[in-house]
Amino acid sequence: MKQSDQKSKNNHSPPSYMATLKLAMPVILLNCTFAVMQATDAWVVGKLGGRELAAITFPSISIFVIVSFAYSFLGIVTAQIGQSHGAGEINKCGHYAWIGIISALLIGILSICLWPAGTLFELFAGSQIDSLGNLESRYFKISLLSLPAVLATNAIANFYIGTKKPSIVLICSLIGVALNITFTYWLVFGNSIIPRLGFNGAAWGTIIATTIEFAFIFLHFCFSKSNRKMKTCRPPKSLKGIKKLWAAGLPAGTQGAVDALSWGVLIGALISYYGEDALASAAILTRLWQFIFLPAEGIAAILIALVANSIGQGSLNHAKKHAKICFRINAIFMVSAGLILFLFRYQLVSFFTDQKQIIDIACGSIIFISLSQWFDAMNVTYLHALQGTGDTKWTSKATIILSIIILGGGGAISVIFFKDQGSSVIWALAMAYSIFQGSLFRKRWNSNAWQQLSLRA
């Protein structure tokens, strides 16, 4: 794909901080709603006790691995739509969106087939009623049922992001978060109308909320007048472009899954060596970290569309400028948020639990999250910039190699030689992972190797 900046279309608006923020703000707020939903589950479950709070950590990480694969895979749909939209091929946008929806539903249905895997939690942590393993198994199995709706919603959201209309996604997400807070609390504690489901209610509340959210956004996608030119009202007659989607999407999905699995092993499996209190603290820390990372992810998600649009219009220089602007925005936000997280760590952690041991463990590890934010900004920004070009095979390979080194080497060393140091060692390892990954992705982007790629059929 050799395209010159001289071929850039005249109607291509130049990159700017205000234009980027205006476009990204709905997606940032969208991601904040997801963080609120996660925090709500932790807050409500935390009211039941420390064991219940610890019990959502492993299942949440397991679900996160699946979701990360699917979201990274479906991010290529954003790039396909963005490149087509930038090239003026409006009629292809709906086609690619439907391919994304079909792929999302397929992944979601296949994920439900992992239901028997829930018994593994019971093998390692007990099968007795209200044992840690039994609680983990129940939360995992029920949560799987939400994935078809969650993933299909994401596929449609990518359509709106790729066509630069993310406000619709935000509206539907606000409905979803309001429903999640309401149903989760009602189903966990019950009321005069709804029976008390206890621990299981947290997962069922999420299922109800995400299903209704999907219904809203799907109806708008199919029947909105603004989408008619993009042919969204019915599924496509052919699957043209699906080969390139899967060719770029599978490496992207693998990278996302391995990345999430790395965090799962680091924050879940390894921390479990330090006891239930350490595991409960990890549940809190991951949710606080999400409030920093997910808004930055919103900027990065828009960057996929901006880079893809620029490539579709033939302006590689604009693609580079968009990446630079998004990195600076993310770096300023994430470093500032990391500092706030550290300064107010006791107040923030205490919101989730009043158990002193859990609070002390969590507050002792927050420093590593705070210090890694500059490199997290590199990581999330340049990964998505590369996805906007279709350069996913390299990022997948780099993530796998890095995970083997840090997980296989660093993880083993930590639990064997530094177990007496507490779970903070694992969070230090997570910081090292962020430093290396962010640095590698930035170097790859600056190499310009992505300029020879294209995702359009």
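The values are calculated or read from the model by the stated rules, or taken from the named source; none is laboratory data. Computed from a predicted structure; not experimentally measured. Cβ atoms come from the backbone with ideal geometry, glycine included; neighbour counts cover every protein chain shown.
The table below gives the values:
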item	result
Failed item, numbered, when Arg138 is tested on (1) within 30 Å of Gly312 (Cα to Cα); (2) assigned to a helix (DSSP H, G or I); (3) among the charged types (D, E, K, R)	(1)
Any hit, the range 90-99, residues being of a type outside the set (Asp, Glu), touching a Phe, Trp or Tyr at 6+ places or on another chain (Cβ under 6 Å) and buried (at least 24 other Cβ atoms within 10 Å of the Cβ)	yes
Members of the range 320-368 that are among the acidic types (Asp, Glu) and either assigned to a helix (DSSP H, G or I) or in contact with a Cys (Cβ under 9 Å, 6 or more places away or on another chain) (or both)	Asp360
Hits in the range 30-62 - residues which are β-branched (Val, Ile, Thr) and surrounded by fewer than 24 Cβ atoms within 10 Å (Cβ to Cβ)	Thr33, Val36, Thr40, Val44, Ile61
Contacts under 7 angstrom Cβ, first residue in the range 107-127 being at negative phi and surrounded by 16 or more Cβ atoms within 10 Å (Cβ to Cβ), partner basic (Lys, Arg) and at pLDDT 80 or above, 6 or more apart	Gly118/Lys141
Those residues of the range 178-207 which are assigned to a helix (DSSP H, G or I), surrounded by fewer than 20 Cβ atoms within 10 Å (Cβ to Cβ) and touching a Phe, Trp or Tyr at 6+ places or on another chain (Cβ under 8 Å), in sequence order	Asn200, Trp204
Considering residues of the range 389-440 that are surrounded by fewer than 16 Cβ atoms within 10 Å (Cβ to Cβ) and among the small types (Gly, Ala, Ser) only, the residue nearest to Gln313 (Cα to Cα)	Ser439
Filter pass, Ile304 being within 19 Å of Asn448 (Cα to Cα) and either modelled with pLDDT of 85 or more or charged (D, E, K, R) (or both)	yes
Residue that is under 30 Å from Ala278 (Cα atoms), touching a residue at least 24 places away in the same chain (Cβ under 8 Å) and in contact with a helix residue (DSSP H, G or I) (Cβ under 8 Å, 6 or more places away or on another chain), where the choices are Asn134, Asn154, Asn200, Asn158	Asn200
The listed residue being over 30 Å from Leu135 (Cα atoms) and assigned to a helix (DSSP H, G or I), out of Thr40, Thr20, Thr33	Thr20
Flag for Gly364 being surrounded by fewer than 17 Cβ atoms within 10 Å (Cβ to Cβ) and in contact (Cβ under 8 Å) with a residue 12 or more places away in the chain	yes
Test: Ile416 is part of a helix (DSSP H, G or I) and either of a type in the set (Phe, Trp, Tyr) or within 21 Å of Arg444 (Cβ to Cβ) (or both)	no
Residue within the range 339-354 that is surrounded by fewer than 20 Cβ atoms within 10 Å (Cβ to Cβ) and hydroxyl-bearing (Ser, Thr, Tyr) present	yes
Test for Phe436: is it farther than 25 Å from Leu270 by Cα, among the hydrophobic types (A, V, I, L, M, F, W, C), modelled with pLDDT of 80 or more and touching a helix residue (DSSP H, G or I) at 6+ places or on another chain (Cβ under 9 Å)	no
The range 77-106 residues that are modelled with pLDDT of 80 or more, paired with ones that are among the hydrophobic types (A, V, I, L, M, F, W, C) and not in a helix (DSSP H, G or I) (beta carbon under 6 Å, 6 or more apart)	Ala79/Leu455; Gln80/Leu455; Gln83/Leu455
